[in-house]
1. Within the bounds of segment 94-108, is there any residue that is of a type in the set (A, V, I, L, M), out of contact with any Pro (no Cβ under 9 Å at 6 or more places or on another chain) and more than 17 Å from HIS151 (Cα to Cα)?
2. Part of a loop (DSSP other than H, G, I, E, B) and closer than 20 Å to HIS82 by Cβ: does that describe GLY153?
3. If you scan segment 183-200, which residues turn out to be over 26 Å from GLY153 (Cβ atoms) and part of a strand (DSSP E or B)?
4. Look at THR71 and say whether it is at pLDDT 95 or above and farther than 23 Å from SER157 by Cα.
5. Restricting to segment 157-174, name every residue that is assigned to a helix (DSSP H, G or I) and of a type outside the set (Gly, Ala, Ser).
6. Which of the residues belonging to segment 93-128 are of a type in the set (D, E, K, R) and assigned to a helix (DSSP H, G or I)?
7. Taking segment 113-151, which residues are buried (at least 22 other Cβ atoms within 10 Å of the Cβ) and aromatic (Phe, Trp, Tyr)?
8. Would a scan of segment 148-161 turn up a residue that is within 15 Å of GLY65 (Cβ to Cβ) and modelled with pLDDT of 95 or more?
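The values are calculated or read from the model by the stated rules, or taken from the named source; none is laboratory data. Just so it is clear, the structure is predicted and the values come from calculations on it, not from any experiment. Note that each Cβ is placed from the backbone with ideal geometry, even for glycine, and that neighbours are counted across all protein chains shown.
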Amino acid sequence: MGRWLAIAAMVLAAGVAGDLDAQGQGRGRATAPGQQAPAPPAAAAPAKPSPGAGPIVVVETANKGTFEFETYPNEAPKSVDHILALVKRNFYNGQRVHRFVKGQLVQFGDPLSRDMSKRDYWGTGGSGKPIGVSEVSPKRKHLVGSVALAHNGDPRSADSQMYIMLIPQPKYDKDYTVIGRVISGMDVVQKLQETDIIRRVSVK
């Protein structure tokens, strides 16, 4: 495990960045789309749950406010069940936003982010139990407020880390499982920065 983390840190230090294929895919760090040219601000996600949506997840931050996102168990049943199970055992409480790409996305879900001394390894942690299946659906797109699961190059390896889109990114629809969409507090999401604390996550 220590050797794996060291490798991940070396990759980070090497400045692996750029497009999707150059962000550490397959090297242990769960990544999401990013590093694209900024786009004009888009409209916020709808204020009410959409037809067919499942449980609502409430995310309370330490100092930016609260936001909520609906889930899509019809299209991603195992993924949604996995995330809800983690929420119910307080897995996300006290974690930090560990990745922020300005004008693109914010990402959280790594338990290592609770420890500032391990910042070089943020993005490599998880619950230890990957979902094991890909549930990428053509029905669920990367829209403003979409919540999707990060992975290390294979959608089946997705675990606890999730990211929220700040702009539409249709080019990633075929590679990442969208599990939900923000329905309240998108303005809060847009204020989030790296190291912001996720105080509490719960199921409504």
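1. Taking every residue of segment 94-108 in turn, none turns out to be of a type in the set (A, V, I, L, M), out of contact with any Pro (no Cβ under 9 Å at 6 or more places or on another chain) and more than 17 Å from HIS151 (Cα to Cα).
2. Spelling it out, GLY153 is indeed part of a loop (DSSP other than H, G, I, E, B) and closer than 20 Å to HIS82 by Cβ.
3. ILE183, SER184, ILE197, ARG199, ARG200
4. For THR71, the condition - at pLDDT 95 or above and farther than 23 Å from SER157 by Cα - is not met.
5. Hits for segment 157-174 are PRO170, LYS171, TYR172.
6. Result: ARG114, LYS118, ARG119, ASP120.
7. TRP122
8. Within segment 148-161, none of the residues are within 15 Å of GLY65 (Cβ to Cβ) and modelled with pLDDT of 95 or more.
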